[in-house]
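No lab work stands behind these numbers, since they all come straight from the coordinates. Keep in mind that this is a model prediction, so the values were computed, not measured. Please note: Cβ atoms are built from the backbone with ideal geometry, for glycine as well, and neighbour counts cover all protein chains shown.
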Amino acid sequence: METELGTSLGALSERVGDLLSHRGEMLATAESCTGGWIAQCITDVPGSSAWFDRGFVTYSNAAKTEMLGVAPGLIAEHGAVSESVVRAMVAGALRFSRAGVAVAVSGIAGPSGGSTDKPVGTVWFAWQTAACDSVVRRVWFSGDRRDVRRQAVATALEGVLAVCRE
């Protein structure tokens, strides 16, 4: 499937759909730095309404709190780009959807916004199923803003495949 997003993201999305369809489960996304790009890739796949429930684009801290139930104190203490926050985001995506699988992403795509502790390219991911605890991973990507975001989308989709196979 060739899309404007590229063959690799389209192929990954199709694989996610095949796996979720086989399992009879639905997916929810909670996205910050990717701004809905994961959901876009998924909904580019014909028939994705059978396995994609919803996407939360929670770019602001207030959106993370209002839409996903992330505690403001958690964000204040650890920052929006942190293990604690993506864990809360993925749990909220499951809680506020009909999905049995969820992925959450929060990061610093750049070109500004980075710090010594969290440089541009830092992205936190969390994946969770209704049957297991969350799996969390931090990755440092290189490239410009679009490169970081594209790599984050691919990593998020690859992680859905991995967590669903466990």
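Observations on the model:
- Of all the residues in the range 126-150, those that are farther than 12 Å from LEU94 by Cα, of a type in the set (D, E, K, R) and outside any strand (DSSP E or B) number 6.
- The range 109-120, subset surrounded by fewer than 21 Cβ atoms within 10 Å (Cβ to Cβ) and either within 30 Å of GLY24 (Cβ to Cβ) or small (Gly, Ala, Ser) (or both), residue nearest to the chain's Cα centre (by Cα): GLY110
- Positions within the range 46-58 being touching a residue at least 40 places away in the same chain (Cβ under 8 Å) and surrounded by fewer than 22 Cβ atoms within 10 Å (Cβ to Cβ), in sequence order: ASP53, ARG54
- Conditions (1) closer than 20 Å to THR155 by Cβ; (2) in contact with a helix residue (DSSP H, G or I) (Cβ under 7 Å, 6 or more places away or on another chain): number failed by LEU94: (2)
- Selection within the range 20-37: residues that are in contact with a strand residue (DSSP E or B) (Cβ under 7 Å, 6 or more places away or on another chain) and at positive phi. The member of this set that is surrounded by the most Cβ atoms within 10 Å (Cβ to Cβ) is GLY35.
- The set of residues from the range 82-95 being free of Cβ contacts under 8 Å to residues at least 60 places away in the same chain and not β-branched (Val, Ile, Thr) comprises SER82, GLU83, SER84, ARG87, ALA88, MET89, ALA91, ARG95.
- Looking across the range 66-107 at every residue that is under 20 Å from ALA39 (Cα atoms) and polar (S, T, N, Q), the one that is farthest from the chain's Cα centre (by Cα) is identified as SER97.
- Residues of the range 72-112 classified as of a type in the set (Gly, Ala, Ser) and part of a strand (DSSP E or B), total: 4
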